[in-house]
Amino acid sequence: MILTTTDVIQGVIVDSYLGIVTAEVVYGSNFLRDFFASLRDIIGGRTGSYERLFEEGQRKALAELEQRALRLGADAVIGIEIDTGTINVDQSGVLLLITATGTAVKIR
């Protein structure tokens, strides 16, 4: 399956648009990761644990997006956009949200 952020695939004709597909990945807070990230805020530098978490989340969101498109009979997903955000649970933490959205299509 072709997954792309572009609206077209070079040299390919879109036969039909099957609809918008979305996939969401949600991660809970982790005390140790949050603690070390707060230290990085103070001393500066990159937060590797969060970078790895978002990288893993993006891979999982794209894999889920592909599965949902396959169920529609798609050959490709075009116009993919990946967004990240947070969901405030309460004073004790947040959930990390990674969403992938695209258009499932049949191609020839």
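Nothing in this text is a laboratory measurement; each read-out follows from the coordinates by a stated rule. Computed from a predicted structure; not experimentally measured.
Details
- A full extension of the chain between Val26 and Arg108 corresponds to an added length of 26.1 nm, given 0.36 nm per residue minus the alpha carbon distance.
- Amide H partners (placed H, <5 Å) of Ser16, local residues excluded: Lys106
- Potential lengthening of the chain between Leu97 and Ile13 amounts to 26.9 nm, from the contour at 0.36 nm per residue minus the alpha-carbon distance.
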